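The values are calculated or read from the model by the stated rules, or taken from the named source; none is laboratory data. A quick note: this is a predicted structure, and the numbers were derived from the prediction, not measured. With ideal geometry, Cβ positions are generated from the backbone for all residues, glycine too; neighbour counts draw on all protein chains shown. Please note that ligands, DNA and RNA were not included when accessible areas were found on the heavy atoms of the full protein model with its side chains. Shrake-Rupley method; radii C 1.70, N 1.55, O 1.52, S 1.80 Å.
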Amino acid sequence: MKKLIPIIAFVFIFMQCKKNTLETAQNNKITGFIADSAMVVSAREEASKIGVAILKKGGNAFDAMIATELSLAVAYPFAGNIGGGGFMVYRTNDGKTGTLDYREKAPLAASKNMYLDENGNIIEGKSTLGAMAVGVPGTVDGLFKVHEKFGSLPFSELIQPAIDLANKGVVVTKKQAERLAYYKHYFSEVNDTIILLDYDWKEGDTIKYVKLAKTLERIRDHGRDGFYKGETAEMLVNYVQKLGGIITKEDLSNYEAKWRNAIEFNYKDLKIIAMSPPSSGGICNAQIFKAIEPFDMASYGHNSLKSIQLLTEAERRAYADRSYYLGDPDFVNIPIDTLISSTYVKNRMANFSWDHATPSSTLKHGNIVGYESDETTHYSIVDKYGNSISATTTLNGAYGSKVYVSEGGFFLNNEMDDFSSKPGIPNMFGLIGAEANSIAPEKRMLSSMTPTIVEKNNQFYMSVGSPGGSTIITSVLQTILNVYEFQMGMQDAVNAPRFHHQWLPDVITMEPKGFDSLLVNQLQEKGYQIKQENSVILGKVDAVLRLPNGKLEGGADYRGDDKAVGF
Ligand code: GLY
């Protein structure tokens, strides 16, 4: 027995060490909020809590989506909206998938050269600021489409919490106060009265959105017509036209959100379910994932020289194709199957070299023969029944066009800037477009919004998405890779520093502090241009991960006031 004591002690110590190591590994890995079965992660705690309250009373993920989106319209006027649009990707508990496109459309009176002067030059600011920048909003119709197909609770119960929140008021956060101070001067530049947000709001103040509450009541009482017809439509159209815009009542009453098939593709043993055009996100990410699939990404290490090189070159090629081929599928033919096929993507990567960067000036879109012719906000929801949704909604720029329909209490988008106003000339995200994304009446402008759901072993694995204009696509991509290839938990994957390349401008944008100077020098030596400004934030990812034990881990981006709530 005496002889056994040291052995037992050794085994005990070994087991303890092992347990501690495992716990440490586990602790390092899981840093996000954990819930047993249901979760909402969004840009504001108020909205996440309202979504979760709907889930608690037996509503499904789609009910919670409606309540969350409307609450963001109140609590997060920076990007949450009823005057904008968005996309939603879903996966039901029986594995059915699909997407809803509630993207804004160009007004009937829009025309190809509407942002050009008589010499064919872009009129600075016309597509980004003020009434001419506004696209026909899609959010309210989108929510009614969701309710019609999947809702289980009455719409009035889903909208009421947002009405109550608007009347009670929302406390201004530090980040919100800073944003308001920064954008304030635009509000008076664009509007003909002092708008609600154009006061000296400070952290801790409470803003009551009484007019918005009234608009939401009209939507509650009259359905989609409470927005697209009657009093609200009158307010919107009169104000936009007074400021020189072209949206009519006919534009509003004609608007319809559309159900579309998802872009689905495999990456190793994952199935990725992403948004189809008019989002470019699904196709771009399918191309990037396919381009990196033959390489052993995990062995290169997270944000290592090789990882950054490989992803940058894949991104460069995908964004070059984006600019040429992608637009509204109701107006242009897009060779989707070819663009996302492994053979095509492998060919695109044929001239990739570890030795040096491929200059974007030497790279165009791929040749497909026989082909016929930011601010935004994201939320992810999983319910206890196993349904999941991933939704991204936007006004485009911060507070959209800055046009605020004071009578109705809401901002209008500046989504028209997501069209290509002139081939080869970049929009506010530096994106270049071509004929496929030119302006036409009732056409939807190309988007980078990339709500995405990931399946593993035929089960829900992750719901992820982000704001950030052109950087949305690469933020979503890197977050999925952080979990899958680099073994991070959801919160760590969201927190990890990100980088971005979009073909043109030919530069890798990096978040500050996350990348050391040695790495930056190594990249520069290989011919990469690096931009690492202090203020750069790439994306603001909100995501949910299903852990091996079936629980959910939230990833709420610290870059904003985002919050995961669940039970
Ligand atoms: N407004 C940003 C996007 O849709 O890409």
- Note on the structure: On the formula 1/(1 + (r/R0)^6), with r taken between the Cβ atoms of V507 and H222 and R0 of 45 Å, the FRET efficiency rounded to 0.05 is 0.35
- Task: Counting other Cβ atoms within 10 Å, keep those with at most 13, restrict to DSSP loop, and tell me which trypsin sites (Lys or Arg not before Pro) in region 420-516 are left.
- Result: K513
- Options Y267, Y199, G226, ranked by Cα towards positive dipole end of the chain, top entry (Cβ charges): Y267
- Debye, to nearest 20: dipole size of the chain, +1 on Lys, Arg Cβ, -1 on Asp, Glu Cβ: 1640 debye
- Message: For q values of 0.05, 0.12 Å⁻¹, compute log₁₀ I(q)/I(0) with the Debye formula on a Cα-only model of the chain, without solvent.
- Response: -0.20, -1.13
- Task: Filter the GluC sites (Glu not before Pro) in region 84-169 to those in DSSP coil with at most 11 other Cβ atoms within 10 Å of their Cβ, and list the result.
- Result: E118, E124
- Item | Distance between modelled label sites at T206 and D355, nm, 7 Å Cα→Cβ extension | 6.8 nm
- Once you list every other residue whose beta carbon is under 15 Å from the beta carbon of Q241, what net charge do they have if Lys and Arg are +1 and Asp and Glu are -1? -3
- Message: I need the semi-axes of the equivalent ellipsoid of region 253-317: take the C-alpha gyration tensor, multiply each eigenvalue by 5, square-root it, list largest first in whole angstrom.
- Response: 30, 13, 8
- Task: Using every Cα-Cα pair within region 157-252, state what percent have a distance larger than 17 Å.
- Result: 62 percent
- Message: Please report the spacing between the Cα centers of region 131-155 and region 84-105 in Å, no decimals.
- Response: 11 Å
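From the Cα gyration tensor of region 296-397, with a ≥ b ≥ c the square roots of its eigenvalues, which class applies: rounded if a/c is under 1.5, or else prolate if a/b is larger than b/c, or else oblate? Walk me through the intermediate numbers first.
Values: a/c = 1.86, a/b = 1.20, b/c = 1.55.
Since a/c reaches 1.5 but b/c is at least a/b, the shape of region 296-397 is classed as oblate.
Would you work out what percent of the accessible area of region 516-566, with all protein chains in place, is carbon or sulfur (probe 1.4 Å)?
On the way: 1080 of 2450 Å².
Ligands and nucleic acids excluded, carbon and sulfur give 44 percent.
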- Message: Quick check: from the Cα gyration tensor, does region 335-494 come out rounded (a/c under 1.5), prolate or oblate?
- Response: oblate
- Separation of alpha-carbon centers, region 231-294 and region 399-432, rounded to whole Å: 14 Å
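Which of the three applies to region 46-102, rounded, prolate or oblate, going by the alpha-carbon gyration tensor with a ≥ b ≥ c and a/c under 1.5 meaning rounded? Spell out each step's value before the answer.
Working: a/c = 3.32, a/b = 1.23, b/c = 2.70.
Oblate shape, in that a/c is at least 1.5 and b/c is the bigger or equal ratio.
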- Task: Report the net charge of residues surrounding S360, where surrounding means a beta-carbon distance below 11 angstrom and charges are Lys +1, Arg +1, Asp -1, Glu -1.
- Result: 0
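Report the local net charge at P154: Lys and Arg +1, Asp and Glu -1, summed over other residues whose C-beta lies under 13 Å from its C-beta. The partial results should precede the final answer.
On the way: positive: K57, R220; negative: D63, E148, E157, D221.
In short, -2.
Treating only the Cβ atoms of Lys and Arg (+1) and Asp and Glu (-1) as charged, compute the dipole magnitude of region 350-426 about its Cα centre; round to the nearest 20 debye. Present the calculation step by step, with values, prior to reporting the outcome.
Working: 4 positive and 9 negative charges, 23 e Å.
Roughly 100 debye for region 350-426.
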- In region 189-232, the GluC sites (Glu not before Pro) that fall in loop regions by DSSP, at most 12 other Cβ within 10 Å: E203
- Simple spin-label estimate for S304/S152, 7 Å along Cα→Cβ, in nm, reads 4.6 nm
- How far apart, in nm, are the 7 Å Cα→Cβ label points at W259 and Q524? 5.4 nm
- Of all accessible heavy-atom area on region 241-295, the percent that carbon and sulfur account for (1.4 Å): 44 percent
- Per-residue ellipticity at 222 nm attributable to helices in the chain (runs of n ≥ 4 DSSP H, -39500 (n - 2.57) apiece, nearest 500 deg cm²/dmol) works out to -11500 deg cm²/dmol
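What accessible area per residue, rounded to a whole number of Å², is obtained for the chain using a probe radius of 1.4 Å? Numbers along the way, then the final one.
Details: 21610 Å² over 567 residues.
Accessible surface, normalised per residue, equals 38 Å².
So between N333 and K175, what do we pick up on full extension, going 0.36 nm a residue minus the alpha carbon distance? Present the calculation step by step, with values, prior to reporting the outcome.
Working: separation 158, 0.36 × 158 = 56.88 nm, distance 4.21 nm.
Contour length minus Cα-Cα distance gives 52.7 nm.
Can you pick out the pairs among K96/K258; K364/K526; K145/K249; K96/K268; K175/K242 whose Cα atoms lie more than 23 Å from each other?
Working: K96/K258 17 Å; K364/K526 21 Å; K145/K249 20 Å; K96/K268 21 Å; K175/K242 33 Å.
Beyond 23 Å between Cα atoms: K175/K242.
Give, in nm to one decimal, the length gained when the segment between K364 and A53 is fully stretched (0.36 nm per residue of separation minus the Cα-Cα distance).
Values: separation 311, 0.36 × 311 = 111.96 nm, distance 4.95 nm.
Here the answer is 107.0 nm.
When the accessible area of region 137-214 is computed with all protein chains present and a 1.4 Å probe, what percentage of it is carbon and sulfur?
Values: 2070 of 3770 Å².
Ligands and nucleic acids excluded, carbon and sulfur give 55 percent.
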- Query: With the calculation restricted to Cα positions, what are the radius of gyration and Dmax of region 424-567 in angstrom?
  - Reply: 17.1, 51
- Item | Residues in region 165-192 reached by a label modelled at S406 [backbone nitrogen below 19 Å; 7 Å Cα→Cβ] | 181, 183-192
